[in-house]
1. Checking Ala49 against (1) surrounded by fewer than 18 Cβ atoms within 10 Å (Cβ to Cβ); (2) without any contact (Cβ under 8 Å) to a residue 24 or more places away in the chain; (3) not hydroxyl-bearing (Ser, Thr, Tyr), which single condition isn't satisfied?
2. Could you list, in sequence order, all residues of segment 60-90 that are buried (at least 23 other Cβ atoms within 10 Å of the Cβ) and more than 17 Å from Ile25 (Cβ to Cβ)?
3. Among the numbered conditions (1) within 17 Å of the chain's Cα centre (by Cα); (2) buried (at least 17 other Cβ atoms within 10 Å of the Cβ); (3) assigned to a helix (DSSP H, G or I); (4) not small (Gly, Ala, Ser), tell me where His4 comes up short.
4. For the condition touching a Lys or Arg at 6+ places or on another chain (Cβ under 6 Å) and of a type outside the set (Phe, Trp, Tyr), what is the one hit in Thr2, Thr30?
5. Being surrounded by fewer than 13 Cβ atoms within 10 Å (Cβ to Cβ), modelled with pLDDT of 80 or more and either within 12 Å of the chain's Cα centre (by Cα) or closer than 15 Å to Gly71 by Cβ (or both) narrows it down to one of Ala135, Ala110, so name that one.
6. Residue check, Gly56 against (1) of a type outside the set (Ser, Thr, Tyr); (2) out of contact with any His (no Cβ under 8 Å at 6 or more places or on another chain); (3) surrounded by 17 or more Cβ atoms within 10 Å (Cβ to Cβ); (4) at positive phi, all met but one. Which one?
7. Here is a check on your reading of the model: is Gly105 free of Cβ contacts under 8 Å to residues at least 60 places away in the same chain, touching a helix residue (DSSP H, G or I) at 6+ places or on another chain (Cβ under 7 Å) and either surrounded by fewer than 17 Cβ atoms within 10 Å (Cβ to Cβ) or under 18 Å from Tyr68 (Cα atoms) (or both)?
8. Among the residues that make up segment 53-67, is at least one of them of a type in the set (Val, Ile, Thr), within 19 Å of Ile7 (Cα to Cα) and touching a residue at least 12 places away in the same chain (Cβ under 8 Å)?
Amino acid sequence: MTPHAAIAVVVALVGCVFDLHSRRIPNALTVGAALAAVIVSALTGGASAVGSSAAGWAIAAALWLPIYALGGMGAGDVKLMAAIGAWLGPANIIYAVFYAAIAGGVFAIALAIVQGCVRQTYTNVQLLLVHWRVAGFTPHEQLNLATATSPRLAYAVPILVGTLAAIWLR
């Protein structure tokens, strides 16, 4: 594992601790980790490494920002993934995002089963799909994180799993 990858794992792990404890991921962690990645890249690899770090950040943010805009994810999750992208670079962050999305789906299904809300979750997904078909990709006024009454997944956990999988499988 490269030093950059190890730091990405540590950032994801710290994000998990905060998300599980307080359901928030602090800006000091996400912004600080992203800035540190750019600085370390500049010191160790020059302009091309800075470009790679910035591209990793931008790709992760671009891939998850629409989910946040639709009310399906918190801003801290997007910023955490972007900070990890700054450490992993553009090629590896695409895999980390993909694996985190898969892990998030698996964890969400498990959470629905454990909490006994599979039927309601299924109904909500159907309603959301109909809403998107009728109104376009706009946030649903009741089916979003701000108004959710169902259990919420601490998405830093799937982010950690996705980061580990991307590093291990590459």
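The values are calculated or read from the model by the stated rules, or taken from the named source; none is laboratory data. Quantities reported herein were computed from a predicted structural model and do not represent experimental measurements. With ideal geometry, Cβ positions are generated from the backbone for all residues, glycine too; neighbour counts draw on all protein chains shown.
1. Ala49 satisfies every listed condition except (1).
2. Passing the criteria: Leu88, Gly89.
3. The failed condition is (1).
4. On the way: Thr2 fails: touching a Lys or Arg at 6+ places or on another chain (Cβ under 6 Å).
Result: Thr30 is the single residue among Thr2, Thr30 that is touching a Lys or Arg at 6+ places or on another chain (Cβ under 6 Å) and of a type outside the set (Phe, Trp, Tyr).
5. Criteria check complete, one pass: Ala135.
6. It fails just one condition, (4).
7. So Gly105 fails the test.
8. Yes, the conditions are met somewhere in segment 53-67.
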